[in-house]
Amino acid sequence: MAERLRTQVESDGLGWLPLVEGGILLTLILAGATVIFIYWNKQHRLIHMQRAFVANVTHELKSPVASIQLALETMALRDLSDEKRREFVAMMLDDTDRLTTLIDRILGAARIDKMRGKYRVETVSMRHFLEEVLAEDRHLYEKEGRTIVFEKGRDAHVAIDRSAMRVVFANLLENAARYSPRDSKIRLRLTRDLRSCRIEVIDSGVGIPGKDLKQVFKMFWRGSEGRTSHVRGTGLGLYIVRNVVKDHRGKIWASSQGPGRGSTFSVRLPRVRKYWNPAARRNKSHQAESRS
């Protein structure tokens, strides 16, 4: 039988159909293996980020709670002067602020998807909006001799949700202060072009390695080099910032000349059309002239 089959194969040939079927089957196997590898890799990264997040959050929660507990035990067991009591109370208030900020970050990340499409958008002057943010929160960032310099360029009108965008710039300014040395300047710069405005937060801190510039906006991500070794954080702030800016049809990116040379976070938001469209401006002026 083997001799007859060999003779038949040699005389008739295998034909192209089995080869095509074999090639298709091999392609499907390779495609399936590739898809499985991609999903496994994503799952592995997600598990790694979740473990890092749990470790960071645990440390963030444990540190202020331990500090508050120690202060309360000291106040309960010792007879302290009024000045010392005020110091302990101030320290506990700072720790509770840290806990509140941490909880707000976690809840903010959980609310991102629910908030999409539900923003209360209004047209605002970006210059006035940034002045309001600084007027309310400047003291939070200008600690240990740091100063914020607002470089006011040409104003621009944008459509934003005030509370959501306040979270954006609060995070960016807080990060700039967190990673900047004492007695340094943080620049908040506003510029505009025909169709958009650009807001930059520029610090002179530890900088960002080039390979990490696109990673900083990922959920739970924190740098592994000197930038984060001595600084608290959960890896949620910039993730929230990126999503809010994206929901406002904007763009955000980071730039740095390298470790130790500072960093710049830039936000670009579209201007309201009626304030930059030349045709709309001409129609508006024509209507005003006709009324007069």
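Anything in the stretch 263-292 that is at pLDDT 90 or above and part of a loop (DSSP other than H, G, I, E, B)? List them, or say none. Residue satisfying the conditions is Val272 alone.
Could you go through the stretch 175-194 and let me know if any residue there is assigned to a helix (DSSP H, G or I), over 19 Å from Val272 (Cβ atoms), open to solvent by 60 Å² or more (accessible area, probe 1.4 Å) and without any contact (Cβ under 8 Å) to a residue 60 or more places away in the chain. The answer is yes, given that some residue of the stretch 175-194 is assigned to a helix (DSSP H, G or I), over 19 Å from Val272 (Cβ atoms), open to solvent by 60 Å² or more (accessible area, probe 1.4 Å) and without any contact (Cβ under 8 Å) to a residue 60 or more places away in the chain.
Taking the stretch 195-216 as the range and being surrounded by 15 or more Cβ atoms within 10 Å (Cβ to Cβ), in contact with a strand residue (DSSP E or B) (Cβ under 7 Å, 6 or more places away or on another chain) and of a type outside the set (Gly, Ala, Ser) as the test, the residues that pass are Cys197, Arg198, Ile199, Glu200, Val201, Ile202, Asp203, Ile208, Val216.
If the condition is being part of a loop (DSSP other than H, G, I, E, B) and surrounded by 13 or more Cβ atoms within 10 Å (Cβ to Cβ), then the stretch 64-93 contributes only Leu80.
The number of residues in the stretch 234-262 being modelled with pLDDT of 85 or more and part of a helix (DSSP H, G or I) comes to 8. Mind counting the residues in the stretch 98-124 that are modelled with pLDDT of 80 or more and either farther than 20 Å from Asp137 by Cβ or open to solvent by 90 Å² or more (accessible area, probe 1.4 Å) (or both)? Adding up the residues that qualify gives 5. In the stretch 66-87, the residues that are at pLDDT 85 or above form Cβ pairs under 6 Å with partners that are open to solvent by less than 80 Å² (accessible area, probe 1.4 Å) and assigned to a helix (DSSP H, G or I), at six or more places apart or across chains, as follows: Ser67/Asp95; Ile68/Met92; Ile68/Asp95; Ala71/Phe88; Ala71/Met91; Ala71/Met92; Met75/Phe88.
In the stretch 146-166, the count of residues that are among the hydroxyl-bearing types (Ser, Thr, Tyr), in contact (Cβ under 8 Å) with a residue 24 or more places away in the chain and surrounded by 15 or more Cβ atoms within 10 Å (Cβ to Cβ) is zero.
The values are calculated or read from the model by the stated rules, or taken from the named source; none is laboratory data. Here the structure is a predicted model, which means the values were calculated and not measured. All Cβ positions, glycine included, derive from the backbone under ideal geometry; neighbour counts span all protein chains shown. Heavy atoms of the whole protein, side chains included, go into the accessibility calculation; ligands, DNA and RNA do not. Shrake-Rupley method; radii C 1.70, N 1.55, O 1.52, S 1.80 Å.
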